Amino acid sequence: MNEWLLTITILAPMLAAVILLLIPEKQGLAIRLVALAGAAITLPPAILLCLNYDRAKGGYQFVQDFAWVPTLGIRYHVAADGISVVLILLTAVLITGGVFASWTRPDRTKEFLSLLLLLVGGVFGVFAARDLFFLFLFYEIAVLPMYLLIGVWGTSSQGRTKEYSAMKLTLMLMAGSAFILVAILGMYSYSTVHTFDMDALARTKFDAGFQHWAFFAVYVGFGILAGIFPLHTWSPDGHASAPTAVSMLHAGVLMKLGAYGVLRLGIQMLPQGAQDWSFVMACIATINVLYGAISAMGQTDLKYIIAYSSVSHMGMVMLGLASLNPVGINGAVMQMVSHGVMTGLFFACVGLIYERAHTRIVAKMGGFATKMPIVAVCMTVGGLASFGLPATSGFIAEFLCFYGMWLRYPALALIAILGIVVTAVYVLRMMQKIFFGQFNPEDYHELPDARTTERVAISVLACCLIGIGLYPKPFVDLIDIGWRTTQRPDVIEQARRQHVADATHPLAALLTPSVHAANSETNNDRNRGLTR
Amino acid sequence: MTDYRPLAPYALLTILALAVALLGTVPAARRSGALGWITAIGAGLALFISSQSPEATPWLGMLRLDAFSKACNVIFLAALAIISIASTAEEHRTAFAGEFYALLTLSTVGLMLMGASGGLLTMYLGLELSTIALFALAGFSKREKRSAEAALKLLILGSVASAVVLYGASIVYGVLGTTQFFEMSAAMSHPHAAGASAALYFGITFIVAGLAFKVAAVPFHLWAPDVYEGAPSLVTAFLSTASKAGGFAALLRFLGSVQVPEDRTISTLLIVLSAISMIVGNLSALSQKNFKRMLGYSGVAQSGYILTALAAGSATSKTISSALMYLLLYAFTNVAAFLVAQAIHDATGSDQISALRGLHRRRPTLAFCAVVVMFSLGGIPPLAGFVGKLYLFTAAWDGGQRCLVLIGALTSVAALYYYLMVVRQIYLLDPEDDRKITVAPAIVMAISLCTAAILAIGIYPRPFVTMGEAAASAVQVTSVAHQREAAPVVAASDVSSPHLRP
């Protein structure tokens, strides 16, 4: 059963997407129920993945592996480590929330939900794939439906038409794909084995010159999706134009695909290249954090504020990754989860506010807390998490990111921390203006609070933020084990030596239970794999 | 005693062409689309026989009926069958339906000969047979000026290209003293042949240039957009897929079995052709307003993609198999694209991209198929175009053509823009006229078949890769084997030392 969990998670939404196309457009309820089933059915496997992941063993588990096109070295190979299972859980939560958020969407619901589910199937696929061909395939499936989702169902604003945003987003991300493709072909052809299998490639020793350029290609290619400066410009336009559920998924999960790609393909498979570019990555990430936050401060449109805050927060993810040490990586993945939930919550709330107030201009709002208390509470929780208030998930995530960076480039960490101050300024100002200012009854006759389904969706997301903030250990453990046990063999060896040196540090001990045991386990596994 | 059974598909199609031409004399009212179905069934039958027949090299190796020619036949016959099915919708309106199918079938026979050619003579014969039939077909809408213009353009430029091939072939023959591919290979590896290399490369370059005309590679592409636009869509569908595949089949057969020593010259030629085809094709397509013209330029770019693999070295099996697979999926994709153009033209009388506006409301199934086709042309997974392009680029990368892969990947992004502009018209914009449009069932059926094939190849490419690999090894095995056995023959005829001729 365990080995089918990943395949089920990938195929269930895609199957639902196909079934949706066969239902007549008039059957509104049936369409929504099928879509909800397709989304929610991924939740039990996702939770099972987290629970059944054997922490003592570590490494990649839930493996399913068979030849697909043998002559080209393509295998259908899916497996998940601690990082993947956490991100899969995040995706499953967000898509379920996303379907709820589009429950009342009026036009062409069938095609909308179908594309949304197809996209999510692709996202699951990327997190689970252990074969570069399938990883790339799922990546494109995850990215491309965005063109139609924004182009057809989006809204035009601030002189930017939705067609413009959709085209800009698609072309920029596809330009990224071109870089990724080149890197993948490079890895594929590097050894004489000619395989797309990532396990086999992880054993290939790439020389330093190759790693240097291949990492650059991977970083730029996936980095565009992660919103690295100055290639982030698709993100504000795209997110602001997209309908609610799409913004939720895009900022919540899709941008994480970019960071995940840099981590998996870049840092893990090309460690030497990562060392070469780490300073550049760190600098760009610092710019992202500050630039995103400062831009968000200057926006008047609520969605643009959130979109720029995503750029800023993804900068923190990249900052954690650029540190290349376990603390920073843990922080980066935690920030992916935290920001995923947080931004999903934000966009859901913004969608609700827009639906009722018919405006997204912050200056025109005020005193909404009296009319929609649940939305106000949930959005405030999200806001607090976004500048990393302790007891929210943002705290542990951002703390680890900055601490990781401190260990590598202290000066950059200090500069980046300023971003938090700016974040606090714009988030608090936004909250104050929307919810706590003077309510103007002439502009808004009726502002009902969220409906039950929506209330459930946003409260669950808000509770996740607080829950993770109060007790982050299960997630940090999963991520940490995943990260430490899926390294290339040579890197594990190096890390172990370093770890012995680091072990005196209190935080290292706190964060890394039983790493030695896990390491030796994977090494045994690997040896067994080789002899087999 | 030569085994003539493998020739059955060729004979069958020739008889079919004559029979259909005769049946065309029956009044249109009484045959109601039967000719198209007869042609389609005949093509299917020929495909079946071709796949079952044993391999042979009849007539002193003039024809090579092996896995490669079988793989090529799949492409040509599939295109013929699908176009014939779609043409039944037009049959009652066409004045010379019998001739239409007869010419289409004869052109296919020519293409099959190109795929099966064992020497320059057979290749040229096939080239002429297929191209001359297409001259007439391009001008089939006799009352339309653009169609006549297309026919004339194809006739003049096509004749020049044929002459160029023939000129190149005559030089090669003059230098090497043979027209058979495997003997040429042996003659070239002969030590005395080295002195004649300049003339030899001159000849080979001419042959490649003539074939580059057939596949519409830049700078031999200028005819393509005009002819694609002017010719009837059903003919363009054939011209842009099967005919292009024929050109590539000949190129692959020629470059694959003739192992040109130190072929830096030839590979440089192919690299340049490939790079400028991708760049010029994709950039020119960006500004097109006419759907068929845009597809014409996109076809130029697609030829460029295929040429990346060829430039990587025609000797590797990946080159041949990836090119064949791409040609097969491209046949399905582009035939479907031109059938969409045909359907839209029937319904709205316009070939402009804007005529597709709001298709998702006016005809949802057609809109879905059209979007699948556009995404496949743009190389989006999980559709066939993605697998095919990845395979081509893998072959090119393996052969060391990394710059070409980079150009290909980046121009693909530009290409995506114009494909998405079509998708935008179909899905994003609402129609000015909300009424449903009618599309002939035959055309819908043909497009659906193509769409199914695009999805099938994209999701499970394994059988097609296997077919390509078999074809590739067929080309190479014969070349290697014949090199060995042919070497002494050439040595014996060395008296006339070909390279000494002026």
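The values are calculated or read from the model by the stated rules, or taken from the named source; none is laboratory data. Note that the structure is predicted; figures quoted are calculated from it, not measured. Cβ: placed from backbone, ideal geometry, glycine included. Neighbour counts: every protein chain shown. Just so you know, the surface numbers come from the protein's heavy atoms only, side chains and all, with ligands and any DNA or RNA stripped out. Shrake-Rupley method; radii C 1.70, N 1.55, O 1.52, S 1.80 Å.
Listing for the model above:
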item: Partners for A:Lys110 among lysines (Cα-Cα distance below 22 Å; same-chain residues under 8 apart left out); result: A:Lys26, A:Lys162, B:Lys436
item: Probe 1.4 Å, all protein chains present, accessible-area order of B:Arg424, B:Arg31, largest first; result: B:Arg424, B:Arg31
item: Per residue, in Å², the accessible surface of the stretch A:2-531 once ligands and nucleic acids are set aside, probe 1.4 Å; result: 33 Å²
item: Whole-Hz ³J(HN,Hα) from phi, Karplus 6.51 cos²θ - 1.76 cosθ + 1.60, for the stretch A:192-199, glycine and proline x; result: 6, 5, 6, 9, 9, 5, 6, 5
item: Calculated FRET value between A:Thr155 and A:Trp103, using beta carbons and R₀ = 25 Å, to 0.05; result: 0.90
item: Solvent-accessible area buried by A and B, counting both chains, probe 1.4 angstrom, square angstrom; result: 3200 Å²
item: Reciprocal mean inverse distance between Cα atoms of the stretch A:78-123 - Kirkwood radius, Å; result: 11.7 Å
item: Stokes-Einstein D (µm²/s) once Rh is taken as the Kirkwood radius of the protein assembly as shown over alpha-carbon pairs, at 10 °C in 1.306 mPa s; result: 52 µm²/s
item: Shape parameters for the stretch B:139-491, alpha-carbon atoms, Rg then Dmax in Å; result: 21.1, 75
item: Estimated D of the stretch A:19-71 in µm² per second, where Rh is the Kirkwood radius over Cα pairs and Stokes-Einstein applies at 4 °C, 1.567 mPa s; result: 89 µm²/s
item: Shielding by partners, peptide A:175-183 (average Cβ within 10 angstrom, other chains); result: 5
item: Carbon + sulfur, % of accessible area of the stretch B:242-288 - ligands and nucleic acids excluded, 1.4 Å; result: 63 percent
item: Nonlocal amide H pairs with A:Asp131, under 5 Å, H built at 1.01 Å; result: A:His77, A:Met198
item: Solvent exposure, largest accessible area first (probe 1.4 Å, DNA, RNA and ligands not counted), of A:Tyr139, B:Tyr427; result: B:Tyr427, A:Tyr139
item: Mean Kyte hydropathy of -0.5 or more with a Cα span along the axis of at least 20 Å, helices from DSSP in chain A; result: A:5-22, A:82-101, A:109-128, A:162-190, A:208-226, A:271-297, A:302-323, A:326-357, A:393-408, A:410-431, A:452-470
item: Accessible-area value, A:Leu144, 1.4 Å probe, nucleic acids and ligands omitted, Å²; result: 10 Å²
item: Helix-only CD estimate at 222 nm, as mean residue ellipticity for chain A, using -39500 (n - 2.57) per DSSP H run (n ≥ 4); result: -23500 deg cm²/dmol
item: Gyration tensor (alpha-carbon) shape descriptor, the stretch A:233-347, a/c threshold 1.5; result: prolate
item: Distribution of pairwise C-alpha distances over the stretch A:150-290, 10 Å bins, in %; result: 12, 38, 29, 16, 5, 0
item: Compactness of the stretch A:101-167 as Cα Rg over 2.2 N^0.38 Å, two decimals; result: 1.28
item: Amide hydrogen neighbours beyond the local backbone of B:Gly119, cut-off 5 Å, H modeled; result: B:Phe181
item: 4 °C / 1.567 mPa s Stokes-Einstein diffusion coefficient of the stretch B:1-141, Kirkwood radius on C-alpha pairs, µm²/s; result: 85 µm²/s
item: Computed [θ] at 222 nm, deg cm²/dmol, chain B (DSSP H ≥ 4; -39,500 (n - 2.57); rounded to nearest 500); result: -24500 deg cm²/dmol
item: Sequence of A:His212, B:His92 when ordered by accessible area, the most exposed leading, probe 1.4 angstrom; result: B:His92, A:His212
item: When the convex hull of its Cα atoms is projected in every direction, mean area for the stretch A:2-531 (nm²); result: 22.6 nm²
item: Shielding by other protein chains, B:388-397, mean Cβ within 10 Å; result: 4
item: Placed amide H near B:Val26: partners under 5 Å, 5+ positions off or other chain; result: none
